[in-house]
Structures are given as structure tokens and as C-alpha cells.
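The values are calculated or read from the model by the stated rules, or taken from the named source; none is laboratory data. Note that the structure is a prediction, hence the values are computed from the model and not measured. In this analysis, Cβ positions are derived from the backbone assuming ideal geometry, glycine residues included, and neighbour counts consider all displayed protein chains.
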């Protein structure tokens, strides 16, 4: 695999970066890549949503071509790692500079749960908050980023594990909202608890041709990495989702799917984001 050693060294470096805490509504630069924290009072979710913005090292607010934006769930390590990889790839002329925005969690389990599944909140059965979170992303977060930064409309949505499940849900609800969807190790619950309705909704949406992204990247770890972090239990839903997308996506949508047999649940996310970035942004991707 080309350039895997420097990539993995970069991943290890990124994983060692510690989080910084900032007060709400504060903007502060904490790295050479220009990390800034923002708070957004969301009308859709009726609470405060915090984001972490990683600007490229040479960010220019007046640059004519603007910058693509990668929106990543579960802000923390993954968004920092992605910003570092993107910076490394830009240095190697593999991709343009990008803005990475990490979404901090409020109620991860509830927020990522699709609206057609119920959950108990304060003793009452209520719909999952996924629809409201998606509305926040579409109607508040993206407009905020477009107003605050020099963006160019090329938007990517990325999620891992339960976050990968939510990115799949977003794809089923608004397939044309993002130019690319990165879905890594999507976890739909034990016994495929949360996959059926999402897959049914995705099938109906794809049949209706409601607009499509340019690229979808889907990956999972394999059976070659046993233990508690194994992705082997996710393989049945991975294969079902792969078959569904292959059947209904039009030819112009680039669909990449792969099982990293030696990767576990954690390492698959690190390996996959490096590949997905190259596939979406590079003019001549070389990914094995």
C-alpha cells in the first residue's frame, strides 16, 4: 500500500494530541492548523451545539476558490487526525487544503438515533433525535460555516461506528446534501437492531432520485482482527448496505467499498479516512 508508513506515523501523532477546553462562544487558535471552538444556539435541537473548526495552515479568507469542508461527527481525536492527514496530503500535492469541522456530542446515543426509532427520555417514549440533528446540520451548521469561513460548497460528511450509522441515515434522508459521504465501521446495534428501517428508507430515497452525492466511501474491519474490538459483527450489515448501494446508485456516483481484514473497529477508522480523503479529493487516486 503506497505511503502507508508516513500515514500511520501521522495517525499516531494525531492520536496523541490532547483536547483543549474553551468557554462557550469563544474563538481561540490552539495549533498551527488554526483550531477554533464555536458554540451555536440551535433552534432545531433546542440546545447549545459546540463545534471545533480546524483551518488549514495557510488559510486565506479572501482566496478566490474557497475551501472544501469536512464535517465530522464525534469531535475529539478523529477531526484532529483528519486535519493533520489533509495537511500532509496537501503538502504532498495529493489534495487541496480543506477546513475540518468536528461536531461535539451532546447526547450521542439519542442524537444519532433515527427519528423512526423510539427512546426513553425522562420516563417517556420519544422519537430519536436524528431528524432534528440532521436539520441542525443542514439549516444551521452549514450556513454558519459558509458565512463564517471562505467555503466553496464542496461538503463532506464523515462518521465512524454509531456515527457511521448516522451518516447512513443522513444519506437516506438527504442524499444530495453533501458531495461525499464517508461511512466507516457503521454500527447498527446488536442483531441489526437499527438497520432495517434505515436501509428501507435509503432504498426508497434512491429509487426516487432525490439528488446524489459525487462519492460514497464505505468500509469495515474484517475477521482477521479478533477480540473485543473486532468489526466482524458488523459485516452482515456492511454487505447488505453495499449491495443496496450498488443496486440503486447511478453510474456517475463513485462508490468505493472495502473490508480491511486485518483492521479492528478503531484502526479501520484511521486507515479509512486517509483513503477516503485521497479518493474524493485527489485527481488521480492511488488506493489499493
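Of everything in region 198-232 that's at positive phi and over 21 Å from the mean Cα position of the chain (by Cα), which residue is modelled with the highest pLDDT?
The extreme case among them is 209.
Out of all the residues in region 87-117, which are farther than 18 Å from residue 166 by Cα, in contact with a strand residue (DSSP E or B) (Cβ under 7 Å, 6 or more places away or on another chain) and either modelled with pLDDT under 95 or assigned to a loop (DSSP other than H, G, I, E, B) (or both)?
Answer for region 87-117, where residues must be farther than 18 Å from residue 166 by Cα, in contact with a strand residue (DSSP E or B) (Cβ under 7 Å, 6 or more places away or on another chain) and either modelled with pLDDT under 95 or assigned to a loop (DSSP other than H, G, I, E, B) (or both): 96, 97, 98.
Touching a residue at least 12 places away in the same chain (Cβ under 8 Å) and part of a loop (DSSP other than H, G, I, E, B): is that true of residue 188 in this structure?
Taking the combined requirement at face value, the residue satisfies it.
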